[in-house]
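Notes for the one structure printed next.
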Amino acid sequence: MKRVLMLCPVPATAAATRFRLQQFVPYLNDVGIAATIRPFLNASELSMLYAPQQPVAMAKMACAALWRRLDDLVTANQCDLVVIQREAALVGPPVIEWAMTRALRVPMVFDFDDAIWEPYVSPTYGRWLPRLVKMPQKTNYTLRVARQVVAGNEHLAAYARRYNANVTIVPTVVNTDIFEPGAKANQVPVIGWIGTHSTAPYLQNLAPALQRLARKHAFVLRVVGGDVAIPGVTTEVRSWSLEREVADFQSLDIGLYPMVDDAWSRGKSGFKAVQYMACGVPVVASPVGSVLGIIDAGQNGYLAKSDDDWVRLLGLLLEDTDHRRRMGAVGRTTAVCDWSLRKFAPVFADVLIRGMA
């Protein structure tokens, strides 16, 4: 068995294998690759991350996580390959990347599924704090020192090829044996959004459209992972949970995926849309980034450019239960055939094998 150490930002659980690397582990074991995953944050720290934070608590959390990363250097030295997803540490310069590839000389595969080189303007923390803390410029260094690069879509791959010739596209996929349609018991249709407090402002941007929609149709807005209140709209707010994630998707009648058309969003891999679709939930999304290659408008979902579009398209789905079911079923087929773990696990395994060669 070949030994591979995978460094990722956050943990996953067997109950909800949401995160990119975790999903590939069973298949890798079957083909002779023993993978060990080490997240930067542990489960309790992840829960803290999905709620508004105090600066002192965030600083303590980062220091504890960085200390654990130093232990991973010992493990890396005993492995055949290191896979780094996005970044070895959520804060600071690429010290761990340098130590593993230059000091220890362990071959490395770099995997990323967002435009992490962009100086992201956080809806919550603004422009300068994320830039100072996360140092997005370290992406270019990691691309240069990697033996192989895995990019989540063509937009990301095109950027990676500036620094590395060995780039393979592996979309952010879902395990369609876990993310699958479930029974619903909603007396009133539920329109849902699942995200974090940092992306909640994108949902808030839909407030005028949802208020107009609520004057015409009965529905409940279910918000998971963000504290959004829209006057005039019946809203149910839930905290986000790894263990409840699949059930939250399955509970929805319609899924919302609003974005803004900026450099960061254009690099996104459309993962949320695929999650909705895998669970048989018709999705209405902003026509930004990889969503354009995932949603066939009018067939497996809808694309909404304006408030008028959001009101009209959501109204079509709210008015017709059979239409929701048909579109959800087509979306499910799309997820299984084109965006599933089953399809891309062999591609990912081949990249790791080439990285060890």
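The values are calculated or read from the model by the stated rules, or taken from the named source; none is laboratory data. What you see is a predicted model; the values in this text were computed from it and never measured. Ideal geometry is used to build each Cβ from the backbone, glycine not excepted, and the neighbour counts take in all protein chains shown. What goes into the accessible areas is simple: the full protein's heavy atoms, side chains included, and nothing from ligands, DNA or RNA. Shrake-Rupley method; radii C 1.70, N 1.55, O 1.52, S 1.80 Å.
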Find out how many positive minus negative residues lie around residue 149, taking Lys and Arg as positive, Asp and Glu as negative, among other residues whose Cβ is under 9 Å from that of residue 149. +1
From the phi angles alone, apply the Karplus equation (6.51, -1.76, 1.60; θ = phi - 60°) to segment 242-259 and give each ³J(HN,Hα) in whole Hz, x where the residue is Gly or Pro. 4, 5, 9, 4, 4, 4, 5, 5, 5, 6, 8, 8, 9, x, 9, 9, x, 9
For segment 269-280, just list the computed ³J(HN,Hα) in residue order, Karplus coefficients 6.51, -1.76 and 1.60, θ = phi - 60°, integers in Hz, with x standing in for Gly and Pro. 9, x, 4, 4, 4, 5, 4, 4, 5, 4, 8, x
By a straight-distance test (C-alpha under 17 Å), which aspartates and glutamates pair with residue 60 as possible cross-link partners, with residues fewer than eight away in the same chain excluded? 45
Under 24 Å Cα to Cα from residue 2, which lysines show up? Leave out anything in the same chain fewer than 8 places away. 343
Identify, among 313, 302, 331, the residue whose Cα sits farthest towards the positive end of the charge dipole of segment 280-357, taking +1 on the Cβ of Lys and Arg and -1 on the Cβ of Asp and Glu, with the dipole about the Cα centre. 331
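In deg cm²/dmol and to the nearest 500, what is the mean residue ellipticity at 222 nm of the chain if only DSSP H runs of at least 4 residues count, each as -39500 (n - 2.57), divided by the residue total? Before the final figure, lay out the partial values.
Details: 16 runs with 143 residues, N = 357.
Taking each H run of at least 4 residues, the total per residue is -11500 deg cm²/dmol.
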Non-local amide H neighbours of residue 222 (under 5 Å, H modeled in plane, Pro and chain starts lacking H): which ones? 191, 192, 193, 236
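Label segment 304-357 by shape, choosing from rounded, prolate and oblate, from the square roots a ≥ b ≥ c of the eigenvalues of the Cα gyration tensor; if a/c is under 1.5 it is rounded, and otherwise prolate applies when a/b is larger than b/c, oblate when it is not.
Details: a/c = 8.37, a/b = 2.57, b/c = 3.26.
Oblate.
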A correct Karplus calculation of ³J(HN,Hα) over segment 139-154, with 6.51 cos²θ - 1.76 cosθ + 1.60, θ = phi - 60°, whole Hz and x for Gly and Pro, returns 4, 4, 5, 5, 4, 5, 8, 6, 6, 9, 10, 10, 10, x, 6, 5
Sparse-neighbourhood loop hits (trypsin sites (Lys or Arg not before Pro), segment 249-357; DSSP loop; Cβ within 10 Å at most 14 others) -> 305
Roll a 1.4 Å probe over the protein chains and send me the accessible area per residue for the chain in Å². 42 Å²
Name the residues whose placed amide hydrogens come within less than 5 Å of the amide hydrogen of residue 283, ignoring near sequence neighbours (fewer than 5 apart) on the same chain. 255, 302
Taking +1 at the Cβ of each Lys and Arg and -1 at the Cβ of each Asp and Glu, which of 251, 234, 205 sits farthest along the dipole of segment 180-329 towards its positive end, judged by Cα position relative to the Cα centre? 234
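So, by mean Cβ neighbours within 10 angstrom, what's the order for 147-154, 233-240, 202-209 with the highest one leading?
Numbers: 147-154: 22.5, 233-240: 14.8, 202-209: 18.2.
By packing density, highest mean first, the sequence is 147-154, 202-209, 233-240.
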Helix 341-356 vs. the chain, principal-axis angle (Cα, 0 to 90°, nearest 10): 20 degrees
Hey, what D do you get for the chain in µm²/s if you plug the Kirkwood alpha-carbon radius into Stokes-Einstein at 4 °C and 1.567 mPa s? 62 µm²/s
Expressed as a whole number of Å, what is the distance separating the alpha-carbon centroids of segment 274-342 and segment 166-209? 11 Å
Working from Cα positions, state the angle (0 to 90°, nearest 10) between the long axis of helix 321-338 and the longest principal axis of the chain. 20 degrees
Calculate the spin-label point distance for residue 260 paired with residue 184, positioning each point 7 Å from the Cα along the beta-carbon direction, and give it in nanometres. 3.0 nm
Lys, Arg +1 and Asp, Glu -1 on Cβ, resulting dipole of the chain about Cα centre, debye, nearest 20: 700 debye
